[in-house]
Amino acid sequence: MATVRLDQKSRALTRSVPDSYHSALANYFGSGPTDIELARAQHSAYCEAMKASGIEVTVLSADENHPDCIFVEDQAVIIDGHVLLPVPGHPSRVNEQPPIADYLIEKMGGAQICRMSGDARMDGGDILRLGDLFFVGRSSRTNDEGIKELEDLLHHLNYELRIIDIPEGALHLTSIASTPTDNVIIAPEGMLSKDAFGELPEGSEVYWMPIEETYGCNTIGLPGNKVLVAEGYPTVLEKMQELGLESVVLDVSQFRAGDGSLTCCSLFY
Ligand code: GLY
């Protein structure tokens, strides 16, 4: 999940892979998961990698009626202890939310919970945080009404929100960009204009990766100078090394097959 700072990453919520995962939506990176047992092994390695970095990981049970349920990032937007429950942008994913919402409400006692309604639509995967600056993708899943609701919350918290139009070939903002640290964005050249993120705070920088490594641009920065990266993206890996981060490389081919990336499979709360 891309809406918390590094120092806020201590607990992560994930969800098991259902038998029905082979029917996950797949129109961008993937053409559909092919191996559920491998997906489960990769998911388990993902959870173990987070645990090895000191994160307390909870795994909710799979929901067979919702093949995409492992992609929990889309179901809640957690910012500084506030929870925005969006109306997910794809109708087949709307009813994945209740168990996640119930869990967060129980575990985040006292959190302010807001629910989107009406025509507002948003997938959590469209939000990216760089320190105190937020970006939202206007995408096939996130519309202007949804963005307005996020903006209201962020203004209440005194944070700035910048809108980025997501190109047709991409699902979410986090499908094409991530913040491995609180002052670094990585994104693929050619997917977004060079000024898409606008002027960044002093000390922050965007590093542009080759377009062939678009999928690798989704990373998860973890406390202790660590970063989870997908296997097979050498320029991204080299950049993480250059930045002084210790990379934990994970084979997530079956996440990719279902159009999911590393951040999609967790919510930090
Ligand atoms: N398969 C992930 C999604 O389309 O939301």
Of the residues in region 97-124 that are in contact with a Pro (Cβ under 8 Å, 6 or more places away or on another chain) and among the charged types (D, E, K, R), the one that is farthest from the ligand (Cβ to nearest atom) is 121
Would you mind finding the one in 58, 34 that is outside any helix (DSSP H, G or I), more than 16 Å from the ligand (Cβ to nearest atom), modelled with pLDDT of 95 or more and surrounded by fewer than 17 Cβ atoms within 10 Å (Cβ to Cβ)? 58
The strands (runs of 3 or more DSSP E) lying wholly within region 143-226 that contain at least 1 residues that are polar (S, T, N, Q) are 178-181
Checked region 124-136 for anything within 12 Å of the chain's Cα centre (by Cα) and crowded, with 22+ Cβ neighbours inside 10 Å; matches are 124, 125, 126, 127, 128, 136
Out of the residues in region 90-108 that are of a type in the set (A, V, I, L, M) and in a helix (DSSP H, G or I), state the one that is nearest to residue 78 (Cα to Cα). 104
Output the residue which, of all residues in region 255-269 that are within 13 Å of residue 175 (Cα to Cα) and under 8 Å from the mean Cα position of the chain (by Cα), is nearest to the ligand (Cβ to nearest atom). 264
If residue 94 passes every condition in (1) β-branched (Val, Ile, Thr); (2) touching a residue at least 40 places away in the same chain (Cβ under 8 Å); (3) within 16 Å of the ligand (Cβ to nearest atom); (4) farther than 25 Å from residue 205 by Cβ but one, which one does it miss? (2)
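The values are calculated or read from the model by the stated rules, or taken from the named source; none is laboratory data. The structure presented is a predicted model; accordingly, all values stated were derived computationally and were not measured. Methodologically, a virtual Cβ is constructed for each residue, glycine included, from the backbone with ideal geometry; neighbour enumeration extends over all protein chains shown.
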